[in-house]
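The values are calculated or read from the model by the stated rules, or taken from the named source; none is laboratory data. Please read these numbers as outputs of a predicted model, since none were measured by experiment. Backbone-built Cβ (ideal geometry, glycine too); neighbour counts: all protein chains shown. In case anyone asks, the SASA skips ligands and DNA or RNA and just uses the protein heavy atoms, side chains included. Shrake-Rupley method; radii C 1.70, N 1.55, O 1.52, S 1.80 Å.
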Amino acid sequence: MPGPVRRRPVARPDAEVAPPALPDVVVAKGDVATSPLLTDGVDALVLPVAPPADGEPEVQPRTGTADAAARYGVDLADLAERLHVTGAAGDAQTVELPRPSGAGRALPWVGLPQRIVLVGVGAGTPADLRRAGAAIARATRGLTRVATTVAADGASDGVRALVEGYLLGAYRHPSRATGTPPPGPAGSLVLLGRYSQAAVAAARTAATATWTARALTVTPSQTKNPAWLADQAARLARQAGLGVEVLGEAELAARGFGGLLAVGGGSASGPRLVVVRYEPPAPAGRTRAAAPRHVVLVGKGITYDTGGLSIKPRESMVAMKTDMAGAAVALATVIGAAQSGVRHRVTALLPLAENAVGAGSYRPGDVLRLYGGTTVEVTNTDAEGRLVLADALAHADLDLDPDVIVDVATLTGAATLALGRTHAALLTPDDRLAAALEDAGQDVGELLWRLPLVPEYRSALDSTVADVHHVAADGFTGAGAITAALFLQRFVGRRSWAHLDIAGPARAAKAAHEVPEGATGFGARLLLRWLSQLA
């Protein structure tokens, strides 16, 4: 008889995801007309332009552009016209001024940066400025020091969006060969003018969270098995001063996490449940601030998804190293909450498993007992994400006493078919929670679209041999994202709860503005903004 399945050791234990090394962003008071900074090692000056006003043929200068034209002694409007600068958000064109030849009269820009970048800011909305920031990062990549007046003297939301866009656009995916990040950027962006320091700091925290989620999500799965990801999550969380607990297979079995154990049973690398806790500092003095709320974030952490015995086609497996994007986002969010001093308690639950094909794989037709005792009939082992989420959601409801639960997951292809790659699906019975999450997503450019939890569809999950069927029964067509959410809703009790299906925007087929090709980190900035605004 064959012996027991042997668990392989953690792959590449030397490969670590380090805390992100973002470019520096500094605020320097002054203006283009007089600042000595421009003659002190600045490689490029980035200036804002807007689309032509009604009836005008030329793009419109914004803060600093007219001063730069005077100081440089050049007609920037003429240059913009010859370069076909449109002023549209994210449009960027670079002007290389000629170097002095050593003969004849001195050129007026001697000593000033010889590279000028004209960046379109569109209507100047936060969304436009986020695109402008990403365009600056692309147009100046490789330069050591860049100065700009884009969003100078603007509102804090615009400053935050500009800096977020710049930092997100500066991101590069880790080396695919080693799974480790590229060297941190040495350059810096100098904001010339009046900018909100608080907005710059908030943008940096949000971008750091997104960088962390991207780097973890894009790591290849021969490195990123559940044990490795649990180790990385624990290390990053402890470095941020957070409490961490990691449950291995023995603990999961003893406590009845039947979904995690079933999904991870076919892999040589067993499942894990990581719990990360952030406790806010006590308010100073005798303030009568409202008691902090307890928010639990649950992130789907399937480190690779073959589909199990209901195996996926080859083409569908290629991107499945990113099927743990929800766990990466939940981890990055709780770390960001600590870094930004969010006033509420935040707990992140990361149920981690590899859905593989092996002697211990769970089968269509199995009946599983999940955490808390609910029995589930399985008919499709490629619908594994909802099983590991259900275990974690039930644990949150029964043991952690949260005020709000939000789960985030690359859960269904149905959400992608419905909404494409720009919006995540939002499902919740709580109108106030839905509005708050939608507003936060709008603020940061991570968009949500609410789908209904249709009561009439609940019967599609009825089972004759268990408490619930984990996918819609044969004969029920469509609404896959909705029926998946209805299944999850059974495990949150009466808690305020929202489900974010990020299957579409968690991955990008090509780079655009602040979004890179591949893993996007979608959701981390949205959740941080929501937590910062939570009453």
Does the stretch 114-121 include one or more residues that are without any contact (Cβ under 8 Å) to a residue 60 or more places away in the chain and surrounded by 19 or more Cβ atoms within 10 Å (Cβ to Cβ)? no
Exactly one of 473, 460, 425 is open to solvent by less than 40 Å² (accessible area, probe 1.4 Å), among the hydrophobic types (A, V, I, L, M, F, W, C), closer than 27 Å to residue 391 by Cβ and out of contact with any strand residue (DSSP E or B) (no Cβ under 9 Å at 6 or more places or on another chain), and that residue is 473
So if I check each of 88, 69, 106, which one is more than 30 Å from residue 446 (Cβ to Cβ), of a type in the set (Gly, Ala, Ser), free of Cβ contacts under 8 Å to residues at least 40 places away in the same chain and surrounded by 15 or more Cβ atoms within 10 Å (Cβ to Cβ)? 69
Counting only residues that are open to solvent by less than 10 Å² (accessible area, probe 1.4 Å), give me the helices (runs of 4 or more DSSP H) lying completely in the stretch 248-336 with at least 3 of them. 258-264
Quick one: which residue in 452, 505 is surrounded by fewer than 17 Cβ atoms within 10 Å (Cβ to Cβ) and touching a residue at least 12 places away in the same chain (Cβ under 8 Å)? 452
If residue 172 satisfies all but one of (1) under 20 Å from residue 139 (Cβ atoms); (2) at pLDDT below 95; (3) surrounded by 18 or more Cβ atoms within 10 Å (Cβ to Cβ), what's the number of the condition it fails? (3)
Screening 94, 140 for residues that are under 11 Å from residue 46 (Cβ atoms), in contact with a strand residue (DSSP E or B) (Cβ under 9 Å, 6 or more places away or on another chain) and open to solvent by less than 40 Å² (accessible area, probe 1.4 Å) leaves only 140
For the stretch 133-165, give me each residue that is of a type in the set (Ser, Thr, Tyr) and out of contact with any Asp or Glu (no Cβ under 9 Å at 6 or more places or on another chain). 148, 156
Looking only at the stretch 499-528, which residues are in contact with an Asp or Glu (Cβ under 8 Å, 6 or more places away or on another chain), at pLDDT 95 or above and not in a strand (DSSP E or B)? 505, 522, 523, 525, 526
Suppose the filter is at pLDDT 95 or above, in a helix (DSSP H, G or I), in contact with a helix residue (DSSP H, G or I) (Cβ under 8 Å, 6 or more places away or on another chain) and more than 30 Å from residue 173 (Cβ to Cβ); does residue 390 pass it? yes
Breaking point among (1) without any contact (Cβ under 8 Å) to a residue 12 or more places away in the chain; (2) buried (at least 24 other Cβ atoms within 10 Å of the Cβ), for residue 500: (1)
Enumerate the pairs (first residue in the stretch 242-268 and under 17 Å from residue 300 (Cα atoms) and without any contact (Cβ under 8 Å) to a residue 60 or more places away in the chain; second residue anywhere and open to solvent by 30 Å² or more (accessible area, probe 1.4 Å) and in a loop (DSSP other than H, G, I, E, B)) with beta-carbon separation below 6 Å, excluding pairs fewer than 6 apart on the same chain, so at least 6 apart or on different chains. none
Within the stretch 426-438, tally of residues that are in contact (Cβ under 8 Å) with a residue 60 or more places away in the chain, outside any loop (DSSP other than H, G, I, E, B) and more than 15 Å from the chain's Cα centre (by Cα): 5
